[in-house]
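**Student:** Okay, here's the structure, questions in a sec.
The values are calculated or read from the model by the stated rules, or taken from the named source; none is laboratory data. Nothing here was measured: the structure is a model prediction, and the numbers come from that model. Positions of Cβ are generated from backbone atoms using ideal geometry, with glycine treated the same way; all protein chains shown enter the neighbour counts.
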Amino acid sequence: MAEDRHDPYVSLRNRDFLWFVASLVAMTLGTMVQATVVAWQVYALTNDPLSLGLVGLAEALPFIGAALYAGHVADLYHRKRLSLVAIAVQTVCGLALLAFTLRPGFLGPGHVWPVFAVVFASGLARSFLQPARTALAAEIVPRETYANAVAWRSSLWQFAAVVGPALGGMLYGFSGARLSYAVEAALCVVGLVLFARIAYTRAPAAAQEGSIYDNLTVGIRFLLTQPELLGAQVLDLFSVLFGGATALLPIFASDYLHVGPQGLGVLRAAPAAGAVLISVVLAHRRLRSAGRTLFICVAAFGACWIVFALSRSFWLSLGILFVSGMLDNVSVVIRSTLLTIRTPPALLGRVSAVNQIFIGSSNEIGSFESGVAARLLGTINSVLLGGLVTLGVVGVTAWKTPALRNLDELS
């Protein structure tokens, strides 16, 4: 019997999935433009580095804080409508930022709180959008193409994550905040229209019995019964929390590699560029020995940061960041596919919300951890220690979760 041929473009032939990823790219471009322009604008108005941390905090608090309830809502109500409402709110946020720039003198050194308020609202909208959109994505593709769909979704998201900050920087640098926010709002409108094109029929919602507390925490309880999925989540959380040092890249660019802000932009783009490349590769081939591959990639990710800490060559550091992005995205694809396959449809929203907490915690709190460790231990020592801790986490997780270690093909 001839072996079934792997079709790397099977998901892209699904019209609804095509509308989904097109909307995802437009929305990601818009949010990345917003994040870049807000950071530049707030710092230009305040000249206070702490204000940049407060921007991140203003978005992270609602994003993480509302996650469990957002997951509950995503499983209880119509996922497409909920996603459209969240996208519409993000569009309004872009229009609000645009309106601020149309009033001369409205924003100033002592009056930037409206920007923080909009960022807070945007973070809250994203908190509801993520679990609803993730759960919906699993409903519009056949189960046998989950891994392929996740690979393409991740690849296109990473592409937008590379282009978005560059687009925001160029728009702001050449035309100012007004045009930048207008483009952001337009991209959100495009994302809204594209998402509305998805032909989605809501499956009958399972009755949610028990108290509101039971329903909010069912995603956590489900993860505790899935050692492979929980192990992958924990591995990702701690590897990014301790192993990543993206927040410290400005220090390396300035003090150790001496490449200035232009070099910093290239360094920041390198991991996402690596992630785009490996996502395309994963879409073109079946991923076997998934558990072993996951542990090897996360261990190599930690080793990359050790080498990066010791490097004084811009090109070596750039290459290391590129490879780290590839390794990290393999982990993302495996974890996301595993979550989609192992989670019952009725729980996808709530389990995705728990995953959202893991991701939000590792990225936002990881930046805070990197800053604190650098202050206490020094920049180089903090990155070295983070890489070593990541290797330790890989060893402990592999020892404690043999089911994940022995996981074979994702299907």
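**Student:** Answer yes or no as to whether R292 is in the same structural domain as T390 (by TED's automatic domain parsing), in contact (Cβ under 8 Å) with a residue 40 or more places away in the chain and not in a helix (DSSP H, G or I).
**Tutor:** no
**Student:** Identify all residues within the stretch 394-409 that are aliphatic (A, V, I, L, M), part of a helix (DSSP H, G or I) and under 22 Å from T337 (Cα atoms); write none if there are none.
**Tutor:** Of everything in the stretch 394-409, those that are aliphatic (A, V, I, L, M), part of a helix (DSSP H, G or I) and under 22 Å from T337 (Cα atoms) turn out to be V394, A398, A403, L404.
**Student:** Is there a residue in the stretch 322-341 that is within 26 Å of R405 (Cβ to Cβ) and surrounded by fewer than 19 Cβ atoms within 10 Å (Cβ to Cβ)?
**Tutor:** Within the stretch 322-341, one or more residues are within 26 Å of R405 (Cβ to Cβ) and surrounded by fewer than 19 Cβ atoms within 10 Å (Cβ to Cβ).
**Student:** Go through the stretch 126-138 and give me each residue that's farther than 15 Å from V21 by Cβ and not aliphatic (A, V, I, L, M).
**Tutor:** R126, S127, F128, Q130, P131
**Student:** Follow-up question, since we're still on this one. Which residue out of L237, L249, L282, L241 is more than 26 Å from V351 (Cβ to Cβ), in a helix (DSSP H, G or I) and not β-branched (V, I, T)?
**Tutor:** L249
**Student:** Can you find even one residue in the stretch 198-209 that is assigned to a helix (DSSP H, G or I) and either modelled with pLDDT of 80 or more or on the phi < 0 side of the Ramachandran plot (or both)?
**Tutor:** No, the stretch 198-209 has no match at all.
**Student:** Specify the residue that is nearest to the chain's Cα centre (by Cα); the eligible residues are those in the stretch 373-411 that are among the small types (G, A, S) and under 14 Å from L230 (Cα atoms).
**Tutor:** Top of the filtered list is A398.
**Student:** So for the stretch 40-57 (the condition being of a type outside the set (A, V, I, L, M), assigned by TED's automatic domain parsing to the domain that holds S127 and in contact with a Gly (Cβ under 7 Å, 6 or more places away or on another chain)), does at least one residue qualify?
**Tutor:** No: zero hits.
**Student:** Answer yes if at least one residue in the stretch 255-262 is at positive phi and in the same structural domain as G378 (by TED's automatic domain parsing), and no otherwise.
**Tutor:** There is at least one residue in the stretch 255-262 that is at positive phi and in the same structural domain as G378 (by TED's automatic domain parsing).
**Student:** Of the numbered conditions (1) in contact with a Ser or Thr (Cβ under 8 Å, 6 or more places away or on another chain); (2) farther than 25 Å from N329 by Cα, V141 satisfies every one except a single condition; which is it?
**Tutor:** Condition (2) is where V141 drops out.
**Student:** Does the stretch 125-138 include one or more residues that are in contact with a Ser or Thr (Cβ under 6 Å, 6 or more places away or on another chain), of a type in the set (A, V, I, L, M), at pLDDT 80 or above and surrounded by fewer than 21 Cβ atoms within 10 Å (Cβ to Cβ)?
**Tutor:** yes
**Student:** Is it true that some residue in the stretch 100-113 is among the aliphatic types (A, V, I, L, M), free of Cβ contacts under 8 Å to residues at least 60 places away in the same chain and under 27 Å from R178 (Cα atoms)?
**Tutor:** For the stretch 100-113, residues among the aliphatic types (A, V, I, L, M), free of Cβ contacts under 8 Å to residues at least 60 places away in the same chain and under 27 Å from R178 (Cα atoms): absent.
**Student:** Here's something else I'd like to know. Kindly provide the set of residues from the stretch 138-182 that are in a helix (DSSP H, G or I), over 14 Å from L29 (Cα atoms) and aliphatic (A, V, I, L, M), ordered by number.
**Tutor:** A138, A147, A149, V150, A151, A177, L179
**Student:** Sort out which residues of the stretch 142-154 are surrounded by fewer than 21 Cβ atoms within 10 Å (Cβ to Cβ) and either touching a helix residue (DSSP H, G or I) at 6+ places or on another chain (Cβ under 6 Å) or hydroxyl-bearing (S, T, Y) (or both), and write them in order of number.
**Tutor:** Passing the criteria: only T145.
**Student:** Output the residues belonging to the stretch 210-224 that are hydrophobic (A, V, I, L, M, F, W, C) and modelled with pLDDT of 75 or more.
**Tutor:** Residues satisfying the conditions are I220, F222, L223, L224.
**Student:** OK, next. Pick from G378, G387: which is at pLDDT 70 or above and crowded, with 20+ Cβ neighbours inside 10 Å?
**Tutor:** Testing whether each residue is at pLDDT 70 or above and crowded, with 20+ Cβ neighbours inside 10 Å leaves just G387.
**Student:** Considering only residues that are over 25 Å from L12 (Cα atoms) and of a type in the set (S, T, N, Q), look in the stretch 253-288 and name the one that is nearest to the chain's Cα centre (by Cα).
**Tutor:** Q262
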